[in-house]
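Heads up: the structure comes next, in structure tokens.
Rule-based calculations on the coordinates, nothing more; no lab input. The structure displayed is predicted, hence computed values, not measured ones. No Cβ is skipped: glycine too gets one built from the backbone with ideal geometry, and neighbour counts run over all protein chains shown.
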Amino acid sequence: MKTIRSLIVAVLALVLLPLSARADHKNFVVSVYVRAYEVEKMKDTQWLESSWKTISSQLDVDKIYLETHRDMLLVDDATLEKAKRFFEKQGLEVAGGITYTISEPNDFETFSYSDPEDRAWVRKVAEHTARHFDEILLDDFFFTSSKKDVEIAAKGDRSWTQYRLERMNEAGRNLVVGPAKAVNPKVQVIIKYPNWYDHFQGLGFNLEDGPQIFDGVWTGTETRDPGSAQHLQNYLSYNIMRYFENISGGRNGGGWVDSGGISMSMDRYAEQLFLTVLAKGRDVMLFAYNQLLDVKLNPRFRASWQDGETSWDYDAMAAPFKKGRETVTPTTMARIADVVLRQADELAGFLGNPVGIQSYKVFHAPGEEFLQNYLGMIGLPMDMYPSFPEGRKTVLLTEQAATDPDLTRKIEDQLKAGGDVVITTGLLKAVPEKIAPVCELQCDDRKALVNDFGYYGKSDRDILIPQVRYLTNDSWEVVSAGRPLLGGVSGWPVLHRATYSKGTLYVLTIPDDFGDLYVYPAGALNRIRQAMSRDLDLYLEGPAKVGLFLYDNKTAVVENFNDNPVEIKLVGTSSLRGLIDLETGERVDATKEPAFPSFRRTAPASKASLTLPPHSYRAFRYE
């Protein structure tokens, strides 16, 4: 695999393009964001030319965003126009950007949108930027965390969430979009939403109204180090793109990745870029110019698994290469981004529209935050929607569906139509009264410590799960766990089912620590995947931390996020004949095997076996 991908890298590097020519990626645009600090430096012609040469010799760029404001620094007219002309001469499309911060280093200090002086400054920045650009992208920070006296007075008896949602809607219309369009009627004002979407409502990001106030949205797909700071799982880089596409009516412009996480290895950076492309992002934004210039290639970015056959070859990336008539010796992370994106561009052309298990997330709803990303990491393809999915064989409901006042009827309608509903223990605990008309179940604060899943295997450590209690013979355990289960004294449901009309209600037990889903034994995960995949052509068998990405043109990508190789199977109906690798043409035949035990009568399954190296992917067409 490494030999083939090294060849791809070499071929791409030999494409004879002048160093200043537009990159013209085939399936998405590659953009670079320049902070106001660096735009300000572009007064110096020598710095502008030399910095751009360093980046552009290693990275093919289609578009650049020049930021006018950050941390009260407002770049002057002359400097903006100078930089704009320079990049237009390089063949790039040029747009503007704004970061509405008072002091980013001071806990992301934001403006007070009830303070007259702050409001005047916000408006001034929008008007200033619109004079120079026909497209403006707002960076992460168009929210408010301010609790000044003026904000406290303006809030009144409302909750902070309610106040901020209303205030930021008003500010978006009256301080940013309206003033910008008054200055430049052609301008498109686009909001980039960051990656912490499940907490947006508390700071004023309004995902229900914002996509209609602004001319488009962008998506933060930075997942960086999942074990620190925001604790965002790798899969979020894909899942959030799909969610924002669904809430924006197809107006999600692209995904946004920075260098965070590269210290874990080059692969962690590459994965974020790659998943942004797998989600069919129309644009991939590289944040930022200064990182592409200053984050130097370093042997510590080369992880130990790079000694094997992996998808991205650090040694090939760090080696000198030909570009046009020049030999370039890579020096910064810009080279990593270029190789990954060129490789992803070749693959993206084969892939159709993403499909997955549809999950209902009510706007602004709290509960089981970011859970769908953990489910994606156990091989369940996720597709989140702000309305209850219609016409599906399976619907996933987490605690974030609890606030829907009509939830019971929607569940009953789905089941009466012959579909399934999978609810989490978080939802069951939150609204047992809404589930009771279908099945009388209980889930409260009582816990069980488990490690033995019986027929389905054992976990490597103890897992704390909520206890699901039910009426004997009214509903049934599908997967159980105890400590021990076999020969033990008790067991508790991990996957539970109750029949209702023509459908089945499943309860999926979510451990107290969502990350413990990754230590569920493969056998238990396989049974969960089978139960939840009625809408999908394929499901995955194997361990956790392997992602499955499916498309409507019978293509699929599997990606291993583990530090070790894994053995997996892709499972389809008996008609599945095999897989054809989209990059190499290699064929993997499927063999017929007995169907996984199920209370439903199912047709025999066909399974294709694969070995995935660490932090690597394979992409297939299946037939």
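Residue by residue, the range 164-169 carries 3J(HN,Hα) couplings of 5, 4, 5, 5, 6, 4 Hz when phi is fed to the Karplus relation 6.51 cos²θ - 1.76 cosθ + 1.60 (θ = phi - 60°); x denotes Gly or Pro. In order along the range 377-388, the Karplus-derived 3J(HN,Hα) couplings, from 6.51 cos²θ - 1.76 cosθ + 1.60 at θ = phi - 60°, round to 6, 9, x, 9, x, 9, 8, 8, 10, x, 10, 5 Hz, and Gly and Pro are given as x.
Converting phi to 3J(HN,Hα) with the Karplus coefficients 6.51, -1.76 and 1.60 and the offset θ = phi - 60°, the range 82-89 yields 4, 5, 4, 4, 4, 6, 4, 5 Hz in sequence order, with x at every glycine or proline. Here the range 27-305 is treated with +1 on each Lys and Arg Cβ and -1 on each Asp and Glu Cβ, and its dipole about the Cα centre works out to around 380 debye.
The listed peptides 400-407, 366-373, 232-239, 253-260, ordered by packing as a protection proxy, come out as 232-239, 253-260, 366-373, 400-407 (highest mean of other Cβ atoms within 10 Å first).
Give the shape of the range 354-532 as rounded, prolate or oblate, defined through the alpha-carbon gyration tensor: a ≥ b ≥ c are the square roots of its eigenvalues, a/c under 1.5 means rounded, and otherwise the shape is prolate if a/b is larger than b/c and oblate if not. It is prolate, given that a/c is not under 1.5 and a/b is the larger ratio.
Between LYS124 and TRP47, the C-beta separation translates, for a Förster distance of 22 Å, into a calculated FRET efficiency of about 0.20.
Around the amide H of LYS43, modelled in the peptide plane, lies no amide H under 5 Å away from a residue 5 or more places distant or on another chain. Note on the chain: Cα-only Rg and Dmax are 25.5, 79 Å.
Beyond 15 Å, what percent of the Cα pairs of the range 512-623 remain?
Numbers: 3999 of 6216 pairs.
Here the long-distance tail beyond 15 Å is 64 percent of all Cα pairs in the range 512-623.
In this calculation the C-beta distance from GLN90 to PHE363 is compared with R0 = 41 Å, giving a FRET efficiency of 0.50. If both residues of a DSSP beta bridge must be in the range 262-395, then about 45% of such bridges are antiparallel. Put the Cα centre of the range 174-199 next to the Cα centre of the range 73-120 and the gap is 13 Å.
Could you calculate the FRET efficiency of THR331 with ALA154 from 1/(1 + (r/R0)^6), where r is the beta carbon distance between them and R0 is 41 Å, rounded to 0.05? Let's see the in-between values first.
Numbers: r = 50 Å, r/R0 = 1.23.
Computed FRET efficiency for THR331 and ALA154 comes out at 0.25.
For THR394, the residues whose modelled amide H falls within less than 5 Å of its own, excluding neighbours fewer than 5 places apart on the same chain, are ASP420, ASP535. Distance between the pseudo-spin-label points of PHE108 and SER574 (7 Å out from Cα toward the beta carbon): 5.4 nm. Summarising the amide proton neighbourhood of VAL29: residues at separation of 5 or more, or on other chains, whose placed amide H is nearer than 5 Å comprise ASP283, VAL284.
Seen from every direction in turn and averaged, the convex hull around the alpha carbons of the range 27-305 projects onto 14.9 nm². For the range 471-530, the square roots a ≥ b ≥ c of the C-alpha gyration tensor eigenvalues yield an a/c of 1.5 or more together with a/b not exceeding b/c, which makes the shape oblate. Counting only DSSP beta bridges with both residues in the chain, the antiparallel share comes to about 55 percent. In the chain, helices alone account for a calculated mean residue ellipticity at 222 nm of -8000 deg cm²/dmol, with every DSSP H run of four or more residues adding -39,500 (n - 2.57).
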